[in-house]
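Trainee: One structure is given below, represented as structure tokens, and several questions about it will come after.
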Amino acid sequence: MSNYKTFEDLQALGSEKIHERTHISRDKLALVLDKAYDKIGRVQFMGFLSILEREYDVNLDPIRDEYDAYRQEHAEALAPKASVILQAPSNAKRKWLIAGTVAIALLVGGGSFLQSFLSNEPREEVMKLTSLAVEAVKEAAETNTSVETNATTETNRSITAAEHNTTKPLSPASAGTTTILPKYKVWVGMIDKATGAKTQKITGDPIVIDTSKETLLVLGHGMIEIETAGEKQQLKEKNTVHFCVEKGALKQIRQSEFMERNGGKNW
């Protein structure tokens with residue numbers, strides 16, 4: 001039986017001892033043990049809690065709830081600042097136009113000076129130089145306008161897609177494989193029911209599930225897309241989600257059902 005029953009027991013154990021056993025970095029452990037909820041993202045935090053639960057056989061659901069409550073209470077202060085990247089196309093366009101105007105003025109002035117200095121009639125080389133400069137500036141401005149228009153179009157498409165997106169219930173997966181596409185990095189743990197072997201990782205890459213094997217699956221969040229036989233289904237759950245693969249089908253289950261299939265353990 002584990003000697004650690006509460007989160008406070010882990011705090012008393014200390015980050016150094018926990019690092020030696022779990023290999024979680026000391027600085028991240030310090031943030032978790034100090035409850036620095038504003039300094040660590042949800043995916044990492046929930047993933048670390050799952051590792052601590054597995055290694056020390058302790059239930060940390062109260063800490064999960066406390067983290068979510070804190071983040072919700074301070075949502076405005078923790079919200080990401082507006083990115084200046086979105087304004088780059090407009091700023092770049094203005095800079096290009098200003099630089100182009102200055103270049104034209106210099107080249108035209110220089111061409112006029114050379115023309116008056118060398119001859120009373122305009123030389124063909126000077127005329128070509130001025131014409132090329134004007135065309136170059138026009139082309140740069142048009143390119144920037146095209147980039148800005150494309151960026152705006154893509155943004156509008158993303159917003160429209162998000163507004164019309166709806167969550168569908170999971171359908172049975174066909175024999176073969178099902179792919180889970182995380183919206184952003186997620187901690188994922190898989191248990192092979194036949195052998196009891198466990199694997200875990202934090203990834204933002206597609207997660208391929210072999211539906212021919214009976215498997216238990218837990219993810220640190222449910223902001224994912226599930227692709228089966230060319231069909232995609234959306235999940236929008238911020239909390240930990242649980243799945244099982246049985247009889248060639250991937251289905252979402254409750255935590256209690258996951259624990260029943262896993263001998264009463266969260267992981």
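Trainee: Counting only the heavy atoms of the protein chains, how much of residue 223 is accessible to a 1.4 Å probe, in Å² to the nearest 10?
Mentor: 50 Å²
Trainee: On to the next question. Starting from the 7 Å offset along Cα-to-Cβ, what nm value, one decimal, do you get for the label separation of residue 193 and residue 26?
Mentor: Calculated label separation equals 4.4 nm.
Trainee: How charged is the neighbourhood of residue 50? Take every other residue with its Cβ under 13 Å from the Cβ of residue 50, and add Lys/Arg as +1 and Asp/Glu as -1.
Mentor: Working: positive: 42, 54, 64, 198, 201, 265; negative: 53, 55, 57, 61.
The answer is +2.
Trainee: Next question. First select every other residue whose beta carbon is under 15 angstrom from the beta carbon of residue 21; then total the charges, Lys and Arg +1, Asp and Glu -1.
Mentor: On the way: positive: 17, 26, 28, 54; negative: 9, 16, 20, 53, 55, 57.
Once positives and negatives cancel, what remains is -2.
Trainee: Taking a 1.4 Å probe, which of 104, 207 shows the most accessible area, and what order do the others take after it?
Mentor: Accessible-area ranking of 104, 207, largest first: 104, 207.
Trainee: Once you have the Cα-Cα distance between residue 12 and residue 68, take 0.36 nm times their residue separation minus that, and quote the gain in nm to one decimal. All intermediate terms of the calculation are to be shown ahead of the outcome.
Mentor: Working: separation 56, 0.36 × 56 = 20.16 nm, distance 2.33 nm.
Working it through step by step, the gained length comes to 17.8 nm.
Trainee: How do 20, 257, 66 rank by accessible surface area computed with a 1.4 Å probe, from largest to smallest? Walk me through the numbers on the way to the answer.
Mentor: Numbers: 20 110, 257 50, 66 75 Å².
Order by accessible area, largest first: 20, 66, 257.
Trainee: Also, I was wondering about something else. Does region 176-234 come out rounded, prolate or oblate by the C-alpha gyration tensor, with a ≥ b ≥ c the root eigenvalues, rounded set by a/c under 1.5 and, if not, prolate when a/b is larger than b/c and oblate if not?
Mentor: Values: a/c = 2.44, a/b = 1.21, b/c = 2.02.
The shape class here is oblate.
Trainee: How do 208, 43 stack up against each other in accessible area, from largest to smallest, with a 1.4 angstrom probe? Please report the intermediate quantities before stating the final value.
Mentor: Details: 208 90, 43 20 Å².
Sorted by accessible area, descending: 208, 43.
Trainee: What does the net charge come to around residue 203 if you take all other residues with beta carbon closer than 14 Å to its beta carbon, with K and R at +1 and D and E at -1? Show your work: numbers first, answer last.
Mentor: On the way: positive: 183, 185, 201; negative: 205.
Spelling it out: positives minus negatives among the neighbours equals +2.
Trainee: Then there's this: Given a Förster distance of 30 Å, report the FRET efficiency between residue 234 and residue 79 from their Cβ-Cβ distance, rounded to the nearest 0.05. Each step should come with its number before you reach the end.
Mentor: Numbers: r = 23 Å, r/R0 = 0.76.
Efficiency computed from Cβ-Cβ geometry: 0.85.
Trainee: Any chance you could look up the accessible area of residue 251 with a 1.4 Å probe, heavy atoms only, rounded to 10 Å²?
Mentor: Answer for residue 251: close to 90 Å² accessible.
Trainee: Tell me, what is the 1.4 Å probe accessible area of residue 217, in Å² to the nearest 10?
Mentor: 10 Å²
The values are calculated or read from the model by the stated rules, or taken from the named source; none is laboratory data. Predicted model only: the values in this text are computed from it and were never measured. Cβ coordinates were reconstructed from backbone atoms using ideal geometry, including for glycine residues, and neighbour counts include every protein chain displayed. Remember, those area values only see protein heavy atoms, side chains included, never the ligands or the DNA or RNA. Shrake-Rupley method; radii C 1.70, N 1.55, O 1.52, S 1.80 Å.
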